[in-house]
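S.K.: Below: one structure in structure tokens.
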Amino acid sequence: YRTLPRERALAKEIVERHGRSSLDYFKLRPNKSYFFSPSRRCFIAYSVGANFAVALADPVGPPEETAETIGGFRRFCEDQGWGVAFYQTLPDFLPVYRSLGFKSLKIGDDAIVDLTGFTLDGRVRKRLRSRVKQLEKEGVRMKYYAAPVPDALLKQLREISDEWLRLPGRSEREFSLGSFDPAYLRSTPVATAEDAGGRALAFANIVASYHPGEATIDLMRHRPDAPNGVMDFLFVKLL
């Protein structure tokens, strides 16, 4: 990735000023290249593979520069002989993409929990409530570690991650997510589910969103021998 340190610094500056979602956090990861608008106030984060440039979500910058930046990026990609796509865009700029000749394809939804109304009460949450209580009886507890997390914990998290990655179908997917990198994990808060002896069974790290009042979970991993429902337990306690 031919990205100069000053370009990465500029991208971080723009994200701090104009970021709108948790995905903007991952635009600053080392596996992204940048395309800047002529004013250098707006940018697109992307990666290239198999002659295709895939941009992560929408451009970041002043909304009035969005259309110009998307169009400029498309022309840039065409000049390189690349196809081009935008992955995980928000609905806000869909008319702009369509006006520039892009087609939209829905591939999924984000699960959003309203923390002000979250509860385990009621019939709908009965199974979840009973599972949480059962694990608590077995001595499982949630612990929250503010950044920077200690090295002793990182060692346990590495064990969990390595075991989880050996499960069928598991792999690092770094484009719109993080990966197990000690420096990255050390820089974010981490929540763990631990047994009565203090052994970490599962973990999730928390990434702040650039959307006010919102946060998100990135890595979510557990030991293969962890009790059933341990991830549900961790999410409930974290919420």
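S.K.: Ignoring everything except DSSP H segments at least 4 long, calculate the 222 nm mean residue ellipticity for the chain; use -39,500 (n - 2.57) per segment, divide by total residues, nearest 500.
M.R.: Mean residue ellipticity, 222 nm, calculated: -10000 deg cm²/dmol.
S.K.: Would you mind counting up the charge near His18? Only other residues with Cβ under 9 Å from its Cβ, with Lys and Arg at +1 and Asp and Glu at -1.
M.R.: +1
S.K.: With a 1.4 Å probe and every protein chain left in place, tell me how much accessible area Arg186 has, in Å² to the nearest 10.
M.R.: 80 Å²
S.K.: Work from the charge dipole of the chain (Cβ charges, +1 for Lys and Arg, -1 for Asp and Glu, about the Cα centre) and give the residue of Met231, Ala183, Leu219 farthest towards its positive end.
M.R.: Of the candidates, Met231 comes out farthest on the positive side.
S.K.: Using R₀ = 22 Å, calculate the FRET efficiency as 1/(1 + (r/R₀)^6) where r is the Cβ-Cβ separation of Leu239 and Glu138; round to 0.05.
M.R.: Taking R0 as 22 Å, the efficiency between Leu239 and Glu138 is 0.60.
S.K.: List the relative contact order of the chain as a percent without decimals, with contacts defined as Cα pairs under 8 Å and 6+ residues apart.
M.R.: Once divided by the residue count of the chain, the mean separation gives 18 percent.
S.K.: Match the structure shown to one of the listed values (i) 17.2, 55; (ii) 20.5, 66; (iii) 20.4, 62 of Rg and Dmax of the Cα atoms in Å, computed from it, and give that label.
M.R.: (iii)
S.K.: Got a sec? What order do Lys126, Lys237 fall in by accessible area at 1.4 Å, biggest, i.e. largest, first?
M.R.: Lys126, Lys237
S.K.: So, taking all protein chains as they sit and a 1.4 Å probe, how much accessible area belongs to Lys106, in Å² rounded to tens?
M.R.: 150 Å²
S.K.: I would also like to ask the following. Counting other Cβ atoms within 10 Å of each Cβ, which chymotrypsin sites (Phe, Trp or Tyr not before Pro) in the range 80-162 have at most 13 and sit in a DSSP loop?
M.R.: Filter output for the range 80-162: Phe118.
S.K.: Still on this structure, I have one more. Distance in nm between label sites at Arg98 and Asn228, each 7 Å beyond Cα in the beta-carbon direction?
M.R.: 4.6 nm
S.K.: With all protein chains present, how much of the accessible area of the range 166-239 (probe radius 1.4 Å) comes from carbon and sulfur, to the nearest whole percent?
M.R.: That share works out to 53 percent.
S.K.: Just to confirm the filter: which trypsin sites (Lys or Arg not before Pro) across the range 63-105 are DSSP coil and have at most 11 other Cβ within 10 angstrom of their Cβ?
M.R.: When the trypsin sites (Lys or Arg not before Pro) of the range 63-105 are filtered for loop state and at most 11 Cβ neighbours within 10 Å, Lys103 remain.
S.K.: Further, regarding this structure: Extension gain Thr216-Glu174, at 0.36 nm per residue separation less the Cα-Cα distance, in nm?
M.R.: Residue separation times 0.36 nm, minus the Cα-Cα distance, leaves 13.5 nm.
S.K.: Now a separate question. Say each of Asp109 and Ala196 gets a label point 7 Å from the Cα, pointing the same way as Cα to Cβ; how far apart are those two points in nm?
M.R.: 4.1 nm
S.K.: Here's something else I'd like to know. Starting from the residue with the highest accessible area, list Thr119, Thr66, Thr3 in decreasing order, probe 1.4 Å.
M.R.: Largest accessible area first, the residues go Thr119, Thr3, Thr66.
S.K.: Could you provide, to the nearest whole Å², the per residue accessible area of the chain with probe 1.4 Å?
M.R.: 57 Å²
S.K.: Taking R0 as 30 Å, what FRET efficiency do you get between Thr116 and Leu4 from their Cβ-Cβ distance, rounded to the nearest 0.05?
M.R.: Calculated value: 0.10.
S.K.: Treating cross-link reach as a plain straight distance, find the lysines whose alpha-carbon is under 18 Å from the alpha-carbon of Lys126, omitting any fewer than eight places away in the same chain.
M.R.: Answer for Lys126, where 18 Å is the Cα cut-off: Lys137, Lys237, listed by chain and number.
S.K.: Next question. Can you tell me the dipole magnitude for the chain around its Cα centre, using point charges on the Cβ only (Lys, Arg +1; Asp, Glu -1), in Debye to the nearest 20?
M.R.: Around 440 debye, computed over the chain.
S.K.: Oh, and also: Counting only Cα atoms, I'd like the Rg/Rh figure for the range 87-172, Kirkwood definition for Rh.
M.R.: Answer for the range 87-172: 1.12.
S.K.: Can you give the local net charge around Val149? Use residues other than it whose beta-carbon is closer than 15 angstrom to its beta-carbon, Lys and Arg +1, Asp and Glu -1.
M.R.: Summing Lys/Arg as +1 and Asp/Glu as -1 gives 0.
S.K.: May I pose another question? Students often forget the sequence filter, so: which aspartates and glutamates lie under 16 Å Cα-Cα from Lys106 once same-chain residues fewer than 8 apart are removed?
M.R.: Asp58, Asp92
S.K.: Compute the distance from the alpha-carbon center of the range 63-126 to that of the range 199-214, in whole Å.
M.R.: 21 Å
S.K.: Then there's this: Taking the full set of protein chains and a 1.4 angstrom probe, give the accessible area of Leu177 in square angstrom, rounded to the nearest 10.
M.R.: Using a 1.4 Å probe on the heavy atoms, I get roughly 70 Å².
S.K.: What helices does the chain have that are whole DSSP H segments, at least 18 Å long along their own axis by Cα, and with mean Kyte-Doolittle hydropathy of -0.5 or more?
M.R.: Passing helices, by number: 151-165.
S.K.: Ordered by residue, what ³J(HN,Hα) values in Hz, to whole numbers, does the range 44-51 give under the Karplus form 6.51 cos²θ - 1.76 cosθ + 1.60, where θ = phi - 60° and Gly and Pro are x?
M.R.: 10, 9, 8, 9, 10, x, 6, 6
The values are calculated or read from the model by the stated rules, or taken from the named source; none is laboratory data. As the structure is a prediction and not an experimental result, all values here were calculated from the model. Every residue, glycine as well, gets a Cβ built from its backbone with ideal geometry; the counts of neighbours run over all protein chains shown. SASA here: full protein model, heavy atoms, side chains in, ligands and nucleic acids out. Shrake-Rupley method; radii C 1.70, N 1.55, O 1.52, S 1.80 Å.
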